[in-house]
Amino acid sequence: MAWQLHYTSARSGPTGRAGFQFVAETPGLPDGVRAGVTPYLSYRPPPDAPPSPDDSELGLFPVSLLYDRVDGRPLLLRCRYLGRDYSGRYGNFFAHAVVAEPDELEGLRPAELWHAPHWAHLPAPETAVLDTLDELTPGAALDPESLAAWLAESGQGDPYALLGHLVDAVAGVLGQGHGRVVLVSDDVELIARWIAVVSYSLPVTAAARLSFVTYTADPDGAAQRLVGTTPAIWAAVRHRASHARAFDLREGTPAGRTSRFARTVAGCWRGPDFAGLDALGELAPLDDPAQEGAAALLALCRGDATVTAAEEGAAAELLSRRGSGIPEWVWRDLVPGVPSMGLDLALALHERARAAGAADVARQCSLRVGERVSDALAEAAGLAEITAAAGIAERAGVGLDPAEVAAAAARCARRGDAGLGAALAGCPAGLRDALLGGVLSGLAEAGERERAAALTPGNCDLLHAHSERLRAAPAVGGAVLASVGRRYPERRIQVTGELLRLDGDVDAALDEVWRVPPSAGECADLLDAHGDAMAARAPLAGLPSRTFTRLAFPGGDGLAEPAALRLAERVREVLPDGRAGRDAALVQAYGAAITAGPARAARALAQIADAGDATPQLAGEAFVGAARRLCRRPPAFRAELLAALPAPVRARLGERWTEELPGRARSGRAPLRGGEAEQRNDLVEVVLRMRTRGASEPALEGWARAAAGRWLAGRQLDVRLERSPRLRAALRDLLAEGDSSRGGR
């Protein structure tokens, strides 16, 4: 059902007023329709048309047929220029509007109504009531057969190439939902024919969304998607309408290549092949006017060998999107073309054919997928392509040879592909072992730069989870384990065991793992776990010495910790020979020197001083640390210790003790603060007690004589020693020796 309205300039319309107005309409017009139609009611003659045309010239003015939607209802509006109105003024036009229910145009393309019999050429009398249109009947000359004949007889360039460009342009604006395509010609009949051809070239649903107008004097402001205008109008506005795609129908075919869909449409018109156009409309997604997948699928059904990989991808996407909505004839017609299909399309077709129960197509596609997957594996440039191909094979139920997967993975790994994590995650479970084996094989054969590029921290962690496989590729295993051990210190002992089980030279990897020396406890655990192998591996054999040396700084304090002493004992049990054993003995000597009685401490200190082949830094810091700790012992202990030492060691220890004094006490400057005098007096007493034992250290005695020879220091020492006659006597003798030496000189 459709309603009609007439609009023109009248002396007195239904309302009694003069001017442009609705002069007749169908009774029962739905609410809002009249207001919805009003914005479309306009007509301006072309600028080069006669300003005061006579009756013979009025037929030359272009007729405007507009198609659009008003509140969801189709609107068809035909405007004719009438010239003068009731008052004799020029500018009058007659608009005949038809507003239909949404289903009234079902199966009908609006362009078919260009010459429909229901169009009136003049407005109805003022008192007329317009009939309801029960059926919209297309006009003559714009049926598909007539249009195909017209295209074939057209002598202007290549009409089929022009059609391809028009179809692409229209599909573009429909897909975007904005923009317009402009057709430029003085012949509005020509414009109407092209609009009709384009409409028939689209699926019915897409054609229903193609609003158009055959003529407008304002192509830049028109709301329709396909717009006709004259050359004079377009010349005046084209600089403002750069967003519009214009086709001057006088100039022939534009340059450039068209889409597969557009070329297929043009080929169907050239045939003519209306069944092909119907097939395109049946295959095309209802909401996608680009139609590439439909055109490619139709070409494949017809055995076209020119379908590209990208076009096959569009066909595969269409199959996946439409699913069970694919017509049955497609399955039948696609069977001959399966052997030439690409991988993605064969897979999509296999899945949809299997779901649709098309067993023959599914079987053919499964075979094709197997062939294409093998090709894809042989050509794969990366691990991601391998797992993608393996996943496709799994989806198609195609069994892959693990050796093919391994060979492809090895080739990619040799190139330094770092995508192992994603590849393993995406690989079918049954082929992961082959993929991993291929990667390890390829990395073993790769150059150093490629191997380093592939062995990222994440990949090393993944490969470490398969550590049993690393023994077959020692070069790879060494690099992987070195990375893991370096980054996870808590795993170093475990990683060391794994490295020791590898064939070949792993010293560089061990050195990297233990670049940071272990703690005393960790070193002891390492000895417990791998003590038998440590002596044979230089990076491991040197670890105890590095640990001791690290503990020795600063001042040897760390060597006194129980963990250090336990480590020294363990080292002497496991590695008694070599530097590690000698350093352990030195650490034990340090422990004795700072804890034992004078005689034993003297022997231990002498052992430290005569370290021999022990680590020099360790021996030096241990002596300094022991001297500092012994300096805190009572003078009697220190004197007995010095007396028991060999002369060179005694001199060295005396020098260290002097260095331990505060600067004022060491240089003899006064006055001394706080405990500084006490420290000086303690060391002087040590010298005096040594003298009573018949022992001496010349440099230390020289310092004591100078320190005690000052008046204030002498008084303080005299008070300190008043209850020890022997020490007072030793002090007098010490000072007297200094006086006599000065007198002799």
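The values are calculated or read from the model by the stated rules, or taken from the named source; none is laboratory data. In this text the structure is predicted, and so the values were computed from the model without any measurement. All Cβ positions, glycine included, derive from the backbone under ideal geometry; neighbour counts span all protein chains shown.
Do the conditions hold for Asp31, that is, is it free of Cβ contacts under 8 Å to residues at least 40 places away in the same chain, in a loop (DSSP other than H, G, I, E, B) and within 57 Å of the chain's Cα centre (by Cα)?
yes
Looking only at region 291-308, which residues are in contact with a Leu (Cβ under 9 Å, 6 or more places away or on another chain) and either part of a helix (DSSP H, G or I) or crowded, with 18+ Cβ neighbours inside 10 Å (or both)? Steps first, answer last, please.
Step one: list which residues in region 291-308 are in contact with a Leu (Cβ under 9 Å, 6 or more places away or on another chain), which gives 291-298, 300-301, 304, 307.
Answer for region 291-308, where residues must be in contact with a Leu (Cβ under 9 Å, 6 or more places away or on another chain) and either part of a helix (DSSP H, G or I) or crowded, with 18+ Cβ neighbours inside 10 Å (or both): Gln291, Glu292, Gly293, Ala294, Ala295, Ala296, Leu297, Leu298, Leu300, Cys301, Val307.
Could you grab me the full set of residues in region 513-531 that are over 16 Å from Val495 (Cα atoms) and either surrounded by fewer than 21 Cβ atoms within 10 Å (Cβ to Cβ) or charged (D, E, K, R) (or both)?
Ser519, Gly521
Please state which of the following conditions Val480 fails to meet, knowing it meets all the rest: (1) buried (at least 18 other Cβ atoms within 10 Å of the Cβ); (2) out of contact with any His (no Cβ under 7 Å at 6 or more places or on another chain); (3) hydrophobic (A, V, I, L, M, F, W, C).
Every listed condition holds for Val480 apart from (2).
Is it the case that region 67-74 has a residue that's out of contact with any Ser or Thr (no Cβ under 8 Å at 6 or more places or on another chain), aromatic (Phe, Trp, Tyr) and within 20 Å of Glu135 (Cα to Cα)? Please lay out each step first, then the result.
Restricting attention to region 67-74, the residues satisfying the condition of being out of contact with any Ser or Thr (no Cβ under 8 Å at 6 or more places or on another chain) are 70-74.
Narrowing the set further to residues that are aromatic (Phe, Trp, Tyr) leaves none.
Among the residues of region 67-74, not one is out of contact with any Ser or Thr (no Cβ under 8 Å at 6 or more places or on another chain), aromatic (Phe, Trp, Tyr) and within 20 Å of Glu135 (Cα to Cα), which makes the answer no.
What's the number of the only condition in (1) within 25 Å of Pro46 (Cβ to Cβ); (2) outside the structural domain of Ala208 (by TED's automatic domain parsing); (3) at pLDDT below 90 that Gly107 fails to meet?
For Gly107, the exception is condition (1).
In region 518-547, which residues are closer than 17 Å to Ala508 by Cβ, outside any helix (DSSP H, G or I) and touching a residue at least 24 places away in the same chain (Cβ under 8 Å)?
Correct list: Arg537, Gly542.
Considering only region 663-721, state which residues are of a type in the set (A, V, I, L, M), farther than 20 Å from Arg652 by Cβ and not in a helix (DSSP H, G or I).
Hits for region 663-721 are Ala670, Leu672, Leu721.
Mind checking which residues of region 519-552 are of a type in the set (Asp, Glu) and within 17 Å of Arg566 (Cβ to Cβ)?
In the first step, residues of region 519-552 are kept if they are of a type in the set (Asp, Glu); the result is 522, 525, 528, 532.
Glu522, Asp525, Asp528, listed by residue number.
Do we find a residue being within 30 Å of Leu280 (Cα to Cα) and in a helix (DSSP H, G or I) anywhere in region 383-390?
Just the residues of region 383-390 that are within 30 Å of Leu280 (Cα to Cα), to begin with: none.
Scanning region 383-390 turns up no residue that is within 30 Å of Leu280 (Cα to Cα) and in a helix (DSSP H, G or I).
Residue check: is His121 more than 53 Å from the chain's Cα centre (by Cα) and either in a loop (DSSP other than H, G, I, E, B) or free of Cβ contacts under 8 Å to residues at least 24 places away in the same chain (or both)?
Yes, satisfied.
Step by step: first the residues of region 61-92, then only those that are over 24 Å from Ile191 (Cα atoms) and of a type in the set (Ser, Thr, Tyr), then the one that is surrounded by the fewest Cβ atoms within 10 Å (Cβ to Cβ). Which residue is that?
Ser87
Taking region 237-278 as the search range and keeping residues that are outside any loop (DSSP other than H, G, I, E, B) and of a type in the set (Gly, Ala, Ser), which one is surrounded by the fewest Cβ atoms within 10 Å (Cβ to Cβ)?
Let us first name the residues in region 237-278 that are outside any loop (DSSP other than H, G, I, E, B), namely 237-240, 245-248, 260-270, 274-278.
Now restrict to residues that are of a type in the set (Gly, Ala, Ser): 246, 262, 266-267, 275-276.
Values: Ala246: 18, Ala262: 26, Ala266: 24, Gly267: 18, Ala275: 10, Gly276: 18.
This residue is Ala275.
With the condition kept exactly as written, say whether any residue in region 592-602 is crowded, with 23+ Cβ neighbours inside 10 Å, under 57 Å from the mean Cα position of the chain (by Cα) and on the phi < 0 side of the Ramachandran plot.
no
Give the number of residues within region 528-545 that are more than 19 Å from Ala482 (Cα to Cα) and not small (Gly, Ala, Ser).
3
I need the full set of residues from region 143-170 which are modelled with pLDDT of 90 or more and part of a loop (DSSP other than H, G, I, E, B), in order please.
Asp143
Taking region 203-234, which residues are in a helix (DSSP H, G or I) and either among the basic types (Lys, Arg) or touching a strand residue (DSSP E or B) at 6+ places or on another chain (Cβ under 9 Å) (or both)?
Ala208, Pro231, Ile233, Trp234 - these are the residues of region 203-234 that are in a helix (DSSP H, G or I) and either among the basic types (Lys, Arg) or touching a strand residue (DSSP E or B) at 6+ places or on another chain (Cβ under 9 Å) (or both).
Quick check, is Tyr43 assigned to a loop (DSSP other than H, G, I, E, B) and not hydrophobic (A, V, I, L, M, F, W, C)?
Details: assigned to a loop (DSSP other than H, G, I, E, B): yes; not hydrophobic (A, V, I, L, M, F, W, C): yes.
Considered against the rule, which asks whether it is assigned to a loop (DSSP other than H, G, I, E, B) and not hydrophobic (A, V, I, L, M, F, W, C), Tyr43 comes out as yes.
Tell me, which residue of region 122-146 that is over 17 Å from Tyr200 (Cβ atoms) and small (Gly, Ala, Ser) is surrounded by the fewest Cβ atoms within 10 Å (Cβ to Cβ)?
Checking each candidate, the answer is Ala128.
Which residues, taken from region 229-245, are more than 41 Å from the chain's Cα centre (by Cα) and in contact (Cβ under 8 Å) with a residue 60 or more places away in the chain? Full working, then the answer.
Of region 229-245, the ones more than 41 Å from the chain's Cα centre (by Cα) are 229-240.
Correct list: Thr230, Ala232, Ile233, Ala236.
Right, Arg566: part of a helix (DSSP H, G or I) and of a type in the set (Lys, Arg) or not?
Values: part of a helix (DSSP H, G or I): yes; of a type in the set (Lys, Arg): yes.
Answer is yes for this residue.
Residues in region 629-662 that are within 24 Å of Ser724 (Cβ to Cβ) and part of a loop (DSSP other than H, G, I, E, B): how many?
Counting residues in region 629-662 that are within 24 Å of Ser724 (Cβ to Cβ) and part of a loop (DSSP other than H, G, I, E, B) gives 6.
With respect to Gly313, determine if the residue is under 22 Å from Leu174 (Cβ atoms), in contact with a helix residue (DSSP H, G or I) (Cβ under 8 Å, 6 or more places away or on another chain) and either assigned to a strand (DSSP E or B) or at pLDDT below 85 (or both). Spell out the reasoning first.
Numbers: under 22 Å from Leu174 (Cβ atoms): yes; in contact with a helix residue (DSSP H, G or I) (Cβ under 8 Å, 6 or more places away or on another chain): yes; either assigned to a strand (DSSP E or B) or at pLDDT below 85 (or both): yes.
Yes: the conditions hold for Gly313.
Can you tell me which condition Gly72 does not meet? The list is (1) among the small types (Gly, Ala, Ser); (2) within 55 Å of the chain's Cα centre (by Cα); (3) under 28 Å from Ala140 (Cβ atoms), and all the others hold.
(3)
Output yes when any residue across region 31-52 is farther than 30 Å from Val237 by Cβ and loosely packed, with under 14 Cβ neighbours inside 10 Å, and no when none is.
Taking region 31-52 first, the residues farther than 30 Å from Val237 by Cβ are 31-34.
Add one more test, that the residue is loosely packed, with under 14 Cβ neighbours inside 10 Å, and what stays is 31-32.
Yes.
Answer yes or no as to whether Arg487 is within 24 Å of Gly458 (Cβ to Cβ) and either surrounded by fewer than 16 Cβ atoms within 10 Å (Cβ to Cβ) or among the acidic types (Asp, Glu) (or both).
Values: within 24 Å of Gly458 (Cβ to Cβ): yes; either surrounded by fewer than 16 Cβ atoms within 10 Å (Cβ to Cβ) or among the acidic types (Asp, Glu) (or both): yes.
Yes.
Report yes if Leu435 is closer than 17 Å to Ala482 by Cβ, out of contact with any Pro (no Cβ under 8 Å at 6 or more places or on another chain), assigned to a helix (DSSP H, G or I) and touching a residue at least 40 places away in the same chain (Cβ under 8 Å), otherwise no.
Working: closer than 17 Å to Ala482 by Cβ: no; out of contact with any Pro (no Cβ under 8 Å at 6 or more places or on another chain): yes; assigned to a helix (DSSP H, G or I): yes; touching a residue at least 40 places away in the same chain (Cβ under 8 Å): yes.
Judged against the criteria, Leu435 is not a match.
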